[in-house]
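Enquirer: Okay, here's the structure, questions in a sec.
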Amino acid sequence: MNKVSYERVESYQNSNVVSRIIQTAQVDSGTATAMFNDLKLFLFLAGNTKHALAPTSKIDEAWHAFLMYTAEYKEFCEKCIGRFVNHKPYSSDVEREEKGKVAYERAYAMAEEFTENKLSPNW
């Protein structure tokens, strides 16, 4: 994956989303910002692989906050990632157990490699 193209993703800011994360996750500003930054990394990875990826619960919470700003989310995906990244929840606990663990482990491994083992506790 191209770290140069990640610069656009990394530099993207959205105070409305961070404020919503603060409100819904009941966290401080620094934690909310870290959650949003980790979400952006997750979306970058998801947008650059053909494999299914699954986020942690904290990153998923940030994703839900971003999705509330649909137009901004769509624009971010198109301009920063190059394609829309769908949020597809698992249809059952069984599916989450079977597919979710593998998809999360794949996402974690990709993020760890991309960041050279510098992941936040949100991962």
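Enquirer: Considering only protein heavy atoms and a 1.4 Å probe, what is the carbon-and-sulfur percentage of the accessible area of the chain?
Expert: The computed percentage sits at 50.
Enquirer: Leaving out ligands and nucleic acids, and using a 1.4 Å probe, what accessible area per residue does the chain come to in Å²?
Expert: Numbers: 7370 Å² over 123 residues.
Counting only protein heavy atoms, the per-residue value for the chain is 60 Å².
Enquirer: Also: How far apart, in nanometres, would the label points at T115 and S29 be if each is projected 7 angstrom from Cα along the Cα-to-Cβ direction?
Expert: Each label point is offset 7 Å from its Cα along the Cβ direction, giving 2.2 nm.
Enquirer: Cα to Cα, under 19 Å, and not fewer than 8 places away if on the same chain: which lysines meet these conditions relative to K118?
Expert: Filter leaves K3, K40, K58.
Enquirer: Between R8 and E105, how many nm apart are label points set 7 Å from Cα along the C-beta direction?
Expert: 3.4 nm
Enquirer: How big, on average over all directions, is the shadow cast by the Cα convex hull of the chain, in nm²?
Expert: Numbers: hull surface 29.0 nm².
Averaged projected hull area, Cα only: 7.3 nm².
Enquirer: Which value at 222 nm does the chain reach when only helices count, each DSSP H run of 4 or more adding -39,500 (n - 2.57), with the total divided by all residues and rounded to the nearest 500 deg cm²/dmol?
Expert: -18000 deg cm²/dmol
Enquirer: A further question follows. Report the gain in length on full extension from L67 to R96: 0.36 nm times residue separation, minus Cα-Cα distance, nm rounded to one decimal.
Expert: 8.4 nm
Enquirer: Taking θ as phi - 60°, what are the ³J(HN,Hα) couplings along segment 11-17 by the Karplus curve (6.51, -1.76, 1.60), each to the nearest whole Hz, with x for Gly and Pro?
Expert: 7, 5, 10, 8, 5, 5, 5
The values are calculated or read from the model by the stated rules, or taken from the named source; none is laboratory data. For clarity, every value in this text was computed on a predicted model and none was experimentally measured. Note: ideal-geometry Cβ built from the backbone for every residue, glycine included; neighbour counts use all protein chains shown. Please note that ligands, DNA and RNA were not included when accessible areas were found on the heavy atoms of the full protein model with its side chains. Shrake-Rupley method; radii C 1.70, N 1.55, O 1.52, S 1.80 Å.
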